[in-house]
């Protein structure tokens, strides 16, 4: 049996790839007022994705058990039972502020993406085991 909980709040895009290729003489990332610097429309500020958000909350339960009963000395019935439950809510927010203001982007370009996943499953695996002893040999019949 296992139960896991994950709460993630991170940028909506991978910043490592854009930072890896950022030129040493690139414009300052922020202007004097602390806003994203768009350098007079000469570049696409790689930190714009820090304004966007991605959140993911996951709960995951996996459980199983086995029950068996010996009907006769060589005849056993058993069953494996399993249950899983997964719940995930993802939210991605892309506000219009991730775009260069000079492009004329309005709040109409803002976007909210939601994903809600709920899944659970059961499994039951019945089994009959007949063990036949033949001197030094043994045969197991499993149905």
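The values are calculated or read from the model by the stated rules, or taken from the named source; none is laboratory data. Worth saying up front: this structure is predicted, and the values here are computed from it rather than measured. Neighbour counts run over all protein chains shown; Cβ positions are idealised from the backbone, glycine included.
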Only one of 80, 120, 88 is touching a strand residue (DSSP E or B) at 6+ places or on another chain (Cβ under 6 Å), loosely packed, with under 13 Cβ neighbours inside 10 Å and closer than 30 Å to residue 4 by Cα, namely 120
Per the filter on the stretch 123-141, residues surrounded by 10 or more Cβ atoms within 10 Å (Cβ to Cβ) and farther than 12 Å from residue 74 by Cα are 123, 125, 126, 127
Residue 32 being at pLDDT 90 or above, out of contact with any strand residue (DSSP E or B) (no Cβ under 7 Å at 6 or more places or on another chain), more than 30 Å from residue 140 (Cβ to Cβ) and not in a helix (DSSP H, G or I) | yes
Condition met for residue 26 (touching a helix residue (DSSP H, G or I) at 6+ places or on another chain (Cβ under 9 Å) and either in a strand (DSSP E or B) or surrounded by fewer than 15 Cβ atoms within 10 Å (Cβ to Cβ) (or both))
yes
Taking the stated definitions as given, is residue 61 in a strand (DSSP E or B), under 30 Å from residue 3 (Cβ atoms) and without any contact (Cβ under 8 Å) to a residue 40 or more places away in the chain? no
Residue 101 passes all but one of the listed conditions (1) surrounded by 14 or more Cβ atoms within 10 Å (Cβ to Cβ); (2) closer than 30 Å to residue 41 by Cα; the exception is number (1)
Scanning the stretch 1-23 residue by residue, the ones that are assigned to a loop (DSSP other than H, G, I, E, B) and loosely packed, with under 10 Cβ neighbours inside 10 Å total 3
